[in-house]
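Since the structure comes first, as C-alpha cells, the remarks are kept for the end.
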Amino acid sequence: MLQMDWLPACPAGFDSLDTVLQQMRGRCDGPQGLKLLRAAAGCRRNFIQTSKADRFFQKITEGEAGIADDVLRPVRIAILAAHSVEHLLPATRVAALARGMNASLYVAPYGQYRQVIHNRDPDLAAFAPQFVLFAPDMRDSPLSLPLTATYDEVTAAVTRRVEELHALWRAAAEFTGAAVIQQTFLNMDLPVFGSFERLVPASDLSVFLRLQMAVAEAAREEGVLLLDMDQCAALAGGARKLHDSSRWYQARQLISPEVSVIWGDMLARVVAAALGLSRKCLIVDLDNTLWGGVAGDDGPENLRLGAGSPDGEAFFIFQEYIGRLLQRGIALAICSKNDPDVAEAAFSLSTMALRRQDVAAFVANWNNKADNIRQIAETLRLGLDAMVFADDNPAERDIVRRELPQVAVPELMDDPADYPRILSASGWFEAAAFTADDAVRVRNYSHEVSRMQARENATDLEAYLSDLRMVLTGRRMTEADAPRVLQLLNKTNQFNLTSRRYTGPEFQALADRPDTRIWTFRLADRFGDHGLISVVILTGEEREDGDPAERGRGLAVHDWIMSCRVLGRGVEDAVLSVVAEAADRENAPCLKGEYCPTSRNGMVSGLYRVMGFSEVEKTAGDDATFWVRSRDAPLSDRCRTACSLIRITTRHD
C-alpha cells in the first residue's frame, strides 16, 4: 500500500479506515454520512479504499437530496488525455471531496484531446467545464530527433511542440471559457549515455528538460496552471512507482493504479487553489515542534536548535521552511501549552530562524488548543477552514481533528527532519498565483493585531477610527491588478454580495466587455498598508420600468467583495461613495445592487438597505434580492460619517 504519510491513518474516533467504509454501507446518505465520508477522504487511502469511498460518494450525490452548493463547492473538470485516465477518476473525486469540492468529470475519448477542441465537441460544450486539463505524454507526437541533432535543431523542435500546446490552450479557453491546466511531461526513457546524458543536446533527458522548461515559460505567459508530474513522482516515491511500464503496454496507463491517489490529490489541490480554497495560516506548536525540548522545563537557553545536534539542525531547517511560507504570504500563528513569557523569550535566541515579529498571533497558555485555535481565527479574522495546525503530539492532533474538522492537521512524524516534507507534501498551501500583495500579506496580519489592541484601549469608536488615519485609494483595475482581483473574487466568502466565482478566461471575458468597469480599492492606515481590500465590478443595466426618471442606462453592481480584515471601520461606506460618484460621472440614472444569500455571506444581507437602497424586485423561486439607488438620492448618514473619517483618493482613468 502506498503511504500518504502526511495524512492520518483514519478519522478521529475510529481504529481503521476500513471500519469507516464498512460503516458507510449503512449510512450512505444525509449530512452525517457526508461528514463521515469527507473525514475518510482526508485519510491515507489505497486504490481499493478510494474506489469504495467514491462509490459511496456517488450514491450521495445521485441521491434525492443531493449536495447543496454551499456544503461542497461544485466544480466541473474536463480531462483531455493522450493516455488512459478512467482509473484516475475515483481518486480525483475523493481528493476533491477532501478539499471541500464536489467534482464532476468529463473524459475525452482516448487520445482525442486535439479533436475535441478543434472540432468543438458538443458533449464538451454541454458539460461546460470550469477547468480543462490537457494530459499528453512524451510518446504522443514524439519529437523524433536523432541523437546527432544540434542544440538549435532541438530548440526548433521544442518550440514547434510548445506552439502546438499554446494553440490548444487558447482554443480551449475560447471554446469553453474554462481555466486551462497543463499536465507536465513525465520522462519514461532510460539513459543511454549514463551521467553524460545531460551534455548531449538531443538525448532523451536533455530534450525532456528543455521541453519542460519551455512549457512552464509558455504557461506563465498565458496564465495556464500546471499539474507538476515531477512533484507527483516525488510524492509517489519516484517516477518508476508513478509509471509502471507493464501497465503502459497493457492499457496505456501513464499513471499506475496503485498511485492514482497521488495524481488525484495533485489535481484536486491545483483546482482548489484556483477556486481560492487553499489555506492561509499555519498554526504551529512550540515544544518539540518548532524546537527540540520543553522551554518551560529545560529553559530557552537549553533548547535543541541549530548546529550542535542532529535534531536541532532539523528544527532550524523546519523554521527556515516556515520562513519561506511567510515570504509567499502564509500567516504564522503560535498555539502552545506554555508559559507565555518563557515561550516568547525563546524567540530572541540567536539560533532561531524565526523571530517574534514573524508571528501574527501568539497564544501560549494552558487552555484547550481547539479553543485557542478559535481565538487565533477570530484575531486574524480568518475562517477555521483557512487554518493548518502542526503539532508533534498525536493526542493534540486528534483533539483538534475531533473538535475542529474544518482545520487541516498534517500527520507530523517523530523525526523533525521530516516536518518540512510532510507540510509541503500535504499541499494545503498550494498556490494558483503569486502577486506583490501576497508577499506583504503577512505584515498585514501582524498589523491587524496592533489595530485590535488599539481599539480595545480606545474609549470612543469614532475617535479610534479617526486616529487610524485611514486612506482609501480607488481606481479602475490595471493589468497588474487582475491576478489579485481574481484571487479575491474566488476566495472571499463573507463580504461577498453575489458569491460568483470565475475561472481566468471567464473573468477576462467579463473584464473585456465594453460595459464593464472594475474598481479596485486599497487601504492604508498608520499601522501599515492593507493592500487591495475591495473590488466592485459594475456593468451596464438597461431600465425601462419604474420611475420615468430612472429609465435609461443605469449601472449594476455585478460583484462586490471586501476583505474581512477591514470590517467595522466604515470602509464599505467609503467604497460606495466612490462607486456612486463614478455612476454619477457617467450620468447613470440609478445604481442597482444584487444580493445572493449563501451560508457564509449573511453579514451583508442588509447592506444595501442600510446604505439607502430600496428593494425593487425578487424573482419567484430565487433567493436573490435586487436593490436600486436613484442618482439624486443623498448618501446615508453612515456614509457621510465614514467619508469624514477616511481620506479618499480616486483615479478614473
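Observations on the model:
- Distance in nm between pseudo-label sites at residue 222 and residue 480 (7 Å out along the Cβ direction from Cα): 2.7
- Residues with amide H under 5 Å from that of residue 412, placed H, sequence gap 5 or more: 391
- Rounded to the nearest 20, the Cβ-based charge dipole of the chain about its Cα centre (Lys and Arg +1, Asp and Glu -1) stands at 660 debye.
- Heavy atoms of the protein chains alone define the surface here; on that basis the chain has 43 Å² accessible area per residue at 1.4 Å probe size.
- Ignoring lysines fewer than eight residues from residue 59 along the same chain, the ones with Cα atoms less than 23 angstrom from its Cα are 35.
- Most positive-pole-ward Cα, 260, 626, 472, against dipole of the chain from beta carbon charges: 626
- Here the calculated FRET efficiency for residue 23 and residue 297, from their Cβ-Cβ distance with R0 = 45 Å, stands at 0.60, rounded to the nearest 0.05.
- Most positive-pole-ward Cα, 149, 507, 219, against dipole of the chain from beta carbon charges: 507
- Charge dipole (the chain, unit charges on Cβ, about Cα centre) - positive-most of 205, 13, 122: 122
- DSSP H segments from the chain that extend 15 Å or more along their own axis, Cα-based, with Kyte-Doolittle mean of -1.0 or above: 30-41, 47-62, 151-176, 204-222, 260-274, 310-327, 369-380, 571-585
- FRET efficiency, residue 240 to residue 107 (Cβ-Cβ, R0 22 Å, nearest 0.05): 0.25
- Near-label residues of the range 333-351 by backbone N, under 16 Å of a point 7 Å along Cα→Cβ of residue 327: none
- For the range 1-144, size of Cβ-based charge dipole, Lys and Arg +1, Asp and Glu -1, in debye: 160
- The range 174-250 and the range 582-633 have Cα centres spaced 49 Å apart.
- Interchain or long-range residues, amide H under 5 Å from residue 291's placed H: none
- Helical mean residue ellipticity (222 nm; -39500 (n - 2.57) per DSSP H run of 4+; nearest 500) of the chain: -12500 deg cm²/dmol
- Only Lys, Arg (+1) and Asp, Glu (-1) charged, at Cβ; the range 1-71 dipole about Cα centre in debye: 220
- Note on the range 13-56 and the range 489-509: Cα centroid distance 32 Å, given to the nearest whole angstrom.
- Antiparallel DSSP beta bridges within the chain, as percent of all bridges there, nearest 5: 45
- Efficiency of FRET between residue 402 and residue 431 - r from beta-carbon atoms, R0 30 angstrom, step 0.05: 0.50
- For volume of the Cα convex hull per residue in Å³, calculated from these coordinates, the label among (i) 525; (ii) 181; (iii) 327: (ii)
- Quotient of Cα Rg and 2.2 N^0.38 Å for the range 238-368, N being how many residues it contains: 1.45
- Of the beta bridges in the range 281-426, as assigned by DSSP with both residues counted there, near 5 percent are antiparallel.
- The range 460-651, accessible surface, carbon-and-sulfur percent (1.4 angstrom probe): 47
The values are calculated or read from the model by the stated rules, or taken from the named source; none is laboratory data. If you're wondering where the values come from, they're calculated on a predicted model, not measured in any experiment. Virtual Cβ from ideal backbone geometry, glycine too; neighbours counted across all protein chains shown. Ligands, DNA and RNA are excluded from the accessible area calculation, which covers all protein heavy atoms including side chains. Shrake-Rupley method; radii C 1.70, N 1.55, O 1.52, S 1.80 Å.
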